[in-house]
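First the structure, in the form of structure tokens, and then the observations on it.
The values are calculated or read from the model by the stated rules, or taken from the named source; none is laboratory data. Quantities reported herein were computed from a predicted structural model and do not represent experimental measurements. Ideal geometry is used to build each Cβ from the backbone, glycine not excepted, and the neighbour counts take in all protein chains shown.
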Amino acid sequence: MIRNQKLNTVIAFYLLLFFSFSHYTLASKIEKGYEALAIFDYFQAKKYFEKSLKKDVSPASFGLALIYFRKDNPFHSLDSAYKYIGIAKSTRENVKLKMRIKLEKYNYSEESILDLEQSISKGFFSACISENNVSCFDQFIENHRNSTFLIKAIFKRDSLAFERTKKENRSKSTFSFIEKYPESTFKQEVFNLFYKQQFFEYTQKETLISYLQFLNECKDTPYKNEAENKVYELSTASNSLKSLEIFIKEQGTNHNIPEAWRRLYKIFMSDYGENKYQDFIKKYPDYPFGNEIKNEESLSKLTLLPVKIDNAWGYMNKDGKLIIPAIYEEAGYFSEDLAVVVKDKKYGYISKSNKFIIDPKFDDASDFNQGRAVVEINKHAGLIDRNGFFIFDPIYSEIGPVSEGKIYVKKDSLYGFYSKNRIALIPERFQEVESFENSISRVKIENNQAIIDSVGSFLVKPLYESIDFFTDTLLIFSDSNKFGICDFNGNQLIPAKFDFIGKLSGNRALILSDNKIGYLDETLKFVIQPAFETYPNYQTYSIFKNGLAKVKKNGKMGLIDSKGKTFVPFNYLELGSISNYISFNKNGKWGYFNEMGKEVIKPNYDYAESFSKEIAIVSKDSLMGAIDIKEKFIIPNAYSTIEFIEGTDFLKVGAGSIYGIFDRNGQVIVPVHYQTINLLNSDLILLSKGDSIAYFFIKERKLVQLKN
């Protein structure tokens, strides 16, 4: 800005000369040139300056530079202005002092020359801005090393060159940029681009060989780890022990070797056995984390149970000692030595040493089963192995459990089957499926049910709305809400005319016809004609057990034998389940008859259940207890609720809203003061009271709770 002002001052000075000199006949040619320039007589000025070039090179060149720089005359030319200002500048030292003093009145000075040089330079810079190409800025930078616009020009040149390089997107051209402009502001960005392009060009085929070649030939690349990761990924894509063994042997410098060892170990340990840890060390003596194995072997024998402390979850052992501190938002049970926990609202898996084996990154997660677990991300299911690697990416609507080596998956709206290692077995084409059992699966296709074998071939074609096994060779089918019997080819042996057909039980199958219950045998003959009435849950309670069935006739309940003969007369309002001593309701009171139909306990109770293993639950005076066959109260008639804990020899006993556990001898096993009691599995019962949690081990008859 200051130099432009000075240039304007120079031009203004020449205008003043117009008023100061009315003639220049006595002046020298160079002076005459400046006087002509002052009155804008560019033709005369140019003529005098050109004639003075030999004698007064610098001042004449300065005058010509002024003419060529100005745009108000026909001689305007930046190239010529640049040429003559260069001459004026380079020959300035040859001008004698006397001439310099003489020409000061025309504003000829070193400072004026430099100012004009910068103005000419600005003109070139503006022209390059208009052209906006690299070659123009290259030329400007070469010719105007002293320009105040030099830094801007270099930046603009480099910016354009960099953009061109990015468009070409080839490492060769990018490296050329680095060689041509080694001090560029974009140096680091260009290097980054070069390495990125180099990595892509070597590995664009994404083959193992391409990544290995890249690592071998590009030693200093910042993409070394990424390439090594891809080598690891591709080498071990099968997720097999063999692939990991080869990777460890052949890629010894890869930074993923420790992870490969641990992954190999986890895969090896996916199927647990008593000597599994020793088997691993024997097979892989070079395993670098041997101490960890010894620790895990010791921990694997430890039973850990989730426990809640101050709204956080940890784990205690069977002695009630806190082993893993309560630091989790939720905690599941250990399965295959891994447990699902929630940290920062995300699900992950920890070992019994309280280490995250799989980081918490899922929205939901299931227990491990046969080395696989179903997880959820963004409402989509995936399947991971014990390393946390996705066997199935999280893109599925549903993934089922591993059963007979097969997993069903649902993608979009259809189901198919895969192996647990993601080998496609049966394409996704079914609307519904069930897990394989005994090498078959019941599926739904085209809105009809079918049965497929392990390779997806139809054992029973999709001909009917629903099908179920009647015998090994016959099926129950339904069509338009009516039931019949067909063979595996779909041939109807009994047309769909019944309202219901049940499965065979005691060589009798319950049928419902015109709202009446009857029975078929395995030959499809009516052994008992439809003559009995329905009642709530008749499909469950009217099946044959021990050669007897509970049925209703004329509003009363009785028992029939397998030929339909009355075994116990229809004299009862209700009957309990069939056992050696069956409860009955007669005139509003409950009693018992034996397997011969003889009443052995008079109807003295408000409610009674049939005997189970020599004990029965009864109610009297609005309270419940449990009696033996001799009507002796094994459990006092003093509780609000009593029920058998299924599959065990224990009963859940409640007093109001609190519960305890009794055995069948009436012994109090767990005092009645827990709010909930739930069976977890065949050997474990969960009890809770507020935030306090306890566990009852069924086989050991042991109660475990956290010790203070």
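Quick look at the values:
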| item | result |
| --- | --- |
| Which listed residue, of Ile698, Ile642, Ile693, is crowded, with 19+ Cβ neighbours inside 10 Å, within 46 Å of the chain's Cα centre (by Cα) and closer than 25 Å to Ser583 by Cβ | Ile642 |
| One residue from Phe368, Phe362, Phe390 being under 30 Å from Thr303 (Cβ atoms), of a type in the set (Phe, Trp, Tyr), surrounded by 14 or more Cβ atoms within 10 Å (Cβ to Cβ) and modelled with pLDDT under 95 | Phe368 |
| Within the stretch 314-349, tally of residues that are closer than 18 Å to Ala694 by Cβ and assigned to a strand (DSSP E or B) | 8 |
| Restricting the stretch 472-487 to residues that are within 44 Å of the chain's Cα centre (by Cα) and modelled with pLDDT of 95 or more, the residue that is nearest to Ala509 (Cα to Cα) | Ile476 |
| Residue list for the stretch 559-582, filter: among the polar types (S, T, N, Q) and surrounded by fewer than 17 Cβ atoms within 10 Å (Cβ to Cβ) | Thr566, Asn571, Ser577, Asn580 |
| Residue count for the stretch 401-445, restricted to those that are closer than 21 Å to Ala365 by Cβ and of a type in the set (A, V, I, L, M, F, W, C) | 3 |
| Among (1) at pLDDT 95 or above; (2) surrounded by fewer than 18 Cβ atoms within 10 Å (Cβ to Cβ), the one test that Glu292 misses | (1) |
| Residue identified as small (Gly, Ala, Ser), buried (at least 24 other Cβ atoms within 10 Å of the Cβ), over 12 Å from Ile120 (Cβ atoms) and assigned by TED's automatic domain parsing to the domain that holds Leu114 among Ala60, Ala88, Ala81 | Ala60 |
| Residue pairs meeting the criteria (Cβ under 6 Å; at least 6 apart or on separate chains; first on the phi > 0 side of the Ramachandran plot, in the stretch 92-114; second assigned to a helix (DSSP H, G or I)) | Asn107/Val10; Asn107/Phe13 |
| Residue check for Phe662: within 29 Å of Asp628 (Cβ to Cβ) and crowded, with 17+ Cβ neighbours inside 10 Å | yes |
| Strands (runs of 3 or more DSSP E) (entirely within the stretch 502-589) containing at least 3 residues that are of a type in the set (A, V, I, L, M), in contact (Cβ under 8 Å) with a residue 12 or more places away in the chain and within 21 Å of Ser478 (Cα to Cα) | 509-513 |
